[in-house]
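The values are calculated or read from the model by the stated rules, or taken from the named source; none is laboratory data. This structure is a prediction, so every number in the text was calculated from the model and none was measured. In this analysis, Cβ positions are derived from the backbone assuming ideal geometry, glycine residues included, and neighbour counts consider all displayed protein chains.
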Protein chains: 6
Amino acid sequence: MSDQPISRFPVPKLSELPDDIRELIETVQEKSGFVPNVFLALAHRPDEFRAFFAAHDALMDKSEGLSKAEREMIVVATSATNGCLYCVVAHGAILRIRAKNPLISDQLAGNPAKADLSERERHIIGFALKVAGDSGSIIDEDLDRMRTHGFTDDEVWDIGAIAAFFAMSNRLANLASIRPNDEFYAMARG
Amino acid sequence: MSDQPISRFPVPKLSELPDDIRELIETVQEKSGFVPNVFLALAHRPDEFRAFFAAHDALMDKSEGLSKAEREMIVVATSATNGCLYCVVAHGAILRIRAKNPLISDQLAGNPAKADLSERERHIIGFALKVAGDSGSIIDEDLDRMRTHGFTDDEVWDIGAIAAFFAMSNRLANLASIRPNDEFYAMARG
Amino acid sequence: MSDQPISRFPVPKLSELPDDIRELIETVQEKSGFVPNVFLALAHRPDEFRAFFAAHDALMDKSEGLSKAEREMIVVATSATNGCLYCVVAHGAILRIRAKNPLISDQLAGNPAKADLSERERHIIGFALKVAGDSGSIIDEDLDRMRTHGFTDDEVWDIGAIAAFFAMSNRLANLASIRPNDEFYAMARG
Amino acid sequence: MSDQPISRFPVPKLSELPDDIRELIETVQEKSGFVPNVFLALAHRPDEFRAFFAAHDALMDKSEGLSKAEREMIVVATSATNGCLYCVVAHGAILRIRAKNPLISDQLAGNPAKADLSERERHIIGFALKVAGDSGSIIDEDLDRMRTHGFTDDEVWDIGAIAAFFAMSNRLANLASIRPNDEFYAMARG
Amino acid sequence: MSDQPISRFPVPKLSELPDDIRELIETVQEKSGFVPNVFLALAHRPDEFRAFFAAHDALMDKSEGLSKAEREMIVVATSATNGCLYCVVAHGAILRIRAKNPLISDQLAGNPAKADLSERERHIIGFALKVAGDSGSIIDEDLDRMRTHGFTDDEVWDIGAIAAFFAMSNRLANLASIRPNDEFYAMARG
Amino acid sequence: MSDQPISRFPVPKLSELPDDIRELIETVQEKSGFVPNVFLALAHRPDEFRAFFAAHDALMDKSEGLSKAEREMIVVATSATNGCLYCVVAHGAILRIRAKNPLISDQLAGNPAKADLSERERHIIGFALKVAGDSGSIIDEDLDRMRTHGFTDDEVWDIGAIAAFFAMSNRLANLASIRPNDEFYAMARG
């Protein structure tokens, strides 16, 4: 299946890319052993590419407040409600690794209410799904409830901002029909 | 009403901000006569702020393919379906200016099917609303139809990417309940 | 834009109308300076016209219990959920005047949860939106809750009856695609 | 079951009513053998009562264009989607009589797609359900299609206006929880 | 109307059926005076027929815990939300008989919130509708609430399992467009 | 995680079960190496258990018309829309085996529009999803279209009947919160 197109839009060759983007992609490739298709599919728009990954890294590459596994849980659960196959499969693999749990991604994608979550994780996912699915109805009481459950304002922001970022990311991946690399499906299945 | 809070999250003072962000805000203030609240509400997270406006400018500050008015039409129509008051009011003002049309923003926010749109604009808004509301169901035929109506792939990407960016932006504004500046409401009403 | 059709159905000339209807319209014109299009668009059916405005006036032209501004708030909020551009724009203008508030209409149309409302107003709008959107699920407890918040039965009826009347009105305006007069958009913007 | 309340709001005695309303109700009682509860439930608001039945009669008491049975079909089908038990049961009885068909009301209430309808009736119900359920999305093409199927503009208006009137009526009956008279259920079952 | 097809799929003659199925149908015919169409419409698949009625009887032909009337209430209410005309009409007749109540079926089909139900019945229908319409969101607390209202685990299972069985049954009847026998409509109307 | 409860309802011991059910379960265990939890979770109701698996086998254990892989595709796609984690995970594993394709299950569960499907498979899944999600709106034209695409009536029935059976199965699994065995998740990942 690896000869299927990875995007509905042009996919530049590595050699055609601006240096900073090519180097970033080569670094990812070295670390992962392959280039996740989202990097190639967004590269035809260098400025958008740079802003996208800058926003991504600002939200996902830290572990104060929310752990990295919690951040990936938000991605998998909200991406599933948006029907974003790329994000469910790719971040499902990352979540299995981060959470050291081979089951959690399929559970969150299939039905968060059935996932093996702690109370804290359940609140995170509940709030993230409201931001993803019906942000216009968020009221002060929603934030107050999170604070009552022990979340700091910085954590609440992170949950909402990650859900918001992947609202964008899911739509781009669905627009371009970015194909998940075959490698992601079986990764970290334990 | 101008003493209402502009965000549910901390709003830093200009003097506390990193130089580049403070200068960017001061430039906007000089041009507009006031600081749109979204700049202040996002400033508590400098890295996210920088990535957000870099992505925004990459999509909104150009007029090849889609005109600037067409870009703002996408923002107003999709933000209305997401119940994002900030974006409807602020970008409604910008759209009235860009389109030199005092009615178009209220029309698009109220019901795009009743707006005074050209056939081209109607296709833009239709596609953008699908990306905003149900991106998982976009199929190849949706893109083919746009091409048949004369849109280039770059234009289709721009429509989708703007809808995707404001899917994020709307959720952030709804998360923080960013208050539209009073100034926007009456602007360019003709 | 003023040369666009104002209805999908026949629009009679003033001179062709029954005396009582022509006189009513002329009175409105003197007071407002122009004839709101709904009067012209409904006039092709004189009996329906008379019943429509009799029902309208019985609900909207009084200020016992609910104030006139509160009545118009119901109209704007429920009409927005029905995608009725005519009612949102025309009653949006009336509400700005009645409430002496240039922002309230755009807020209610954009997202009632973000509008500057008192607790009382918030209950009014909440109940009206349930009548507008899902009246079949109204249970005794919904009315009891309103009574607990201090509303009389006459007020509860008025809220529900106004939402019900505009459920009809919105559908007629959408059926005929009644065009809001350009004058309404900029009225009372302060 | 006949000792259940017929409304959540005050129900005046016949003797307390204005003469014109009392006489209208007495006439209905003579013709039908009982007083349909909607007359009693709306009588606490005489002006609204008069306008309501004036509008009702203007739309339902004629048989040019749409037959009386077709008019009642619209009522039953749209009232079912609004969960209005009163209108489904009361107008279900009237429709069985008008159409001389003991099955048609339960069919339309249960699932219009399964009802024994002619092509003409199917178009009527399809258009009426769009007005009832999603009037904001009606476009010129919807009306053109009806014209192609042989409907006059007066017929299209009637279909839409009946659906609109019962959008109001259903909401009033649901607001007040008007109880259908027991007599309606078994009427004209053949 | 009795010459309408009763299924979109082949309907075998009684004489062509395996003995056990033919005998079962003849027994039903003797008891009811006619053959409900579902028996004929499913008979083209003998193994599925046997399993279907075995499952049906295991759930519906007992009265421990839930009464037979309560079981039929679940069928009517959930079938109505699925737009299954066959089940609403056929089981509506059975429910009128079982509950000795000529009104209850039309009430449950029209709007369960308006039906003359005891508190116990209201909880049964509420839980059944959640299983029918959104079973993925059932959480432990839903079952705990039923236990608090006095339901045994066996009763909760029965409610859910009946709703689940008719989720299948409704879909089969809608797939085949099984026509309710004319006899059911007027049965037990009192 | 294997010490989590596998059902919200009683789970009998193998030794307590009727002989036929115990033997059936032991046979499954020998073939699969473990007992899928659905067998244990349904065993507390022997008659329902027998009817359930009789219906299941009548639909799933044959390969005339639809192949076994096609049958499992229907299960995975429709179970995903019902949020049935058990069926998605367990039948996802079976589908990977039957289709000899390690990717197909996650694709169908994540977004059928993005799955690697042939035209024939796309029609199967489209029809199955309509039966699962909105069977009341199935019209003759839906079946005609399937026939035009080359499907026999027996195949159309099978697609619909499998979707209908799993509408029941998904609701039972969600009612009982049947836990997928850990073994299923990593099975046949290639």
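General remarks:
- Pairs meeting the criteria (first residue in segment A:11-30 and without any contact (Cβ under 8 Å) to a residue 12 or more places away in the chain, second residue of a type in the set (Lys, Arg), beta carbons under 9 Å, at least 6 apart or on different chains) are A:Ser15/A:Arg22; A:Glu16/A:Arg22.
- Looking across segment D:151-175, the residues that are within 9 Å of chain C (Cβ to nearest Cβ) and polar (S, T, N, Q) come down to D:Ser169, D:Asn170, D:Asn174.
- Condition met for E:Val131 (within 21 Å of F:Cys87 (Cα to Cα), at pLDDT 95 or above and at the interface with chain F (Cβ under 9 Å from one of its Cβ atoms)): yes
- Residues that are among the polar types (S, T, N, Q) and touching a Lys or Arg at 6+ places or on another chain (Cβ under 7 Å), drawn from segment C:1-51: C:Gln4, C:Asn37
Condition check ((1) over 25 Å from F:Asn174 (Cα atoms); (2) modelled with pLDDT under 95; (3) touching a Ser or Thr at 6+ places or on another chain (Cβ under 7 Å); (4) small (Gly, Ala, Ser)) across all residues:
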| position | (1), (2), (3), (4) |
| --- | --- |
| A:Met73 | no, no, no, no |
| A:Ile97 | yes, no, no, no |
| A:Ile104 | no, no, no, no |
| A:Lys114 | no, no, yes, no |
| A:His149 | yes, no, no, no |
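- Residues of segment A:7-53 that are β-branched (Val, Ile, Thr), surrounded by fewer than 20 Cβ atoms within 10 Å (Cβ to Cβ) and assigned to a helix (DSSP H, G or I): A:Ile21, A:Ile25, A:Thr27, A:Val28.
- Criterion violated by A:Gln4 - all others in (1) more than 12 Å from the chain's Cα centre (by Cα); (2) among the polar types (S, T, N, Q); (3) assigned to a helix (DSSP H, G or I) satisfied: (3)
- Subset of segment B:54-67 [in a helix (DSSP H, G or I) and surrounded by 14 or more Cβ atoms within 10 Å (Cβ to Cβ)]: B:Ala54, B:Ala55, B:His56, B:Ala58, B:Leu59, B:Met60
- Some residue of segment F:130-144 being part of a helix (DSSP H, G or I) and buried (at least 24 other Cβ atoms within 10 Å of the Cβ): yes
- Number of the condition not met by A:Thr148 [criteria: (1) more than 8 Å from every other protein chain (Cβ to nearest Cβ); (2) within 24 Å of F:Gly190 (Cα to Cα); (3) of a type in the set (Ser, Thr, Tyr)]: (2)
- For C:Ile178, the stated conditions hold: it is assigned to a loop (DSSP other than H, G, I, E, B) and more than 8 Å from chain D (Cβ to nearest Cβ).
- Residue list for segment A:133-167, filter: of a type in the set (A, V, I, L, M) and touching a residue at least 40 places away in the same chain (Cβ under 8 Å): A:Ile159, A:Ala161, A:Ile162, A:Ala163, A:Ala167
- Segment D:79-100: number of residues that are surrounded by fewer than 23 Cβ atoms within 10 Å (Cβ to Cβ), farther than 25 Å from C:Ala167 by Cα and in contact (Cβ under 8 Å) with a residue 40 or more places away in the chain: 1
- Residues in segment E:81-127 that are within 14 Å of chain F (Cβ to nearest Cβ) and among the polar types (S, T, N, Q) were compared, and the one that is farthest from D:Asn181 (Cα to Cα) is E:Asn82.
- Residue list for segment A:58-80, restricted to those being closer than 27 Å to A:Gly190 by Cα and either among the basic types (Lys, Arg) or within 9 Å of chain B (Cβ to nearest Cβ) (or both): A:Lys62, A:Lys68, A:Arg71
- With respect to the conditions (1) closer than 18 Å to B:Met168 by Cβ; (2) touching a Pro at 6+ places or on another chain (Cβ under 7 Å), A:Ser79 falls short on a single one, namely (2).
- Residue satisfying all of: in segment B:84-128; polar (S, T, N, Q) and in a helix (DSSP H, G or I); nearest to C:Cys84 (Cα to Cα) among these: B:Gln107
- Residue check, F:Ala43 more than 12 Å from the chain's Cα centre (by Cα), at the interface with chain E (Cβ under 10 Å from one of its Cβ atoms) and small (Gly, Ala, Ser): no
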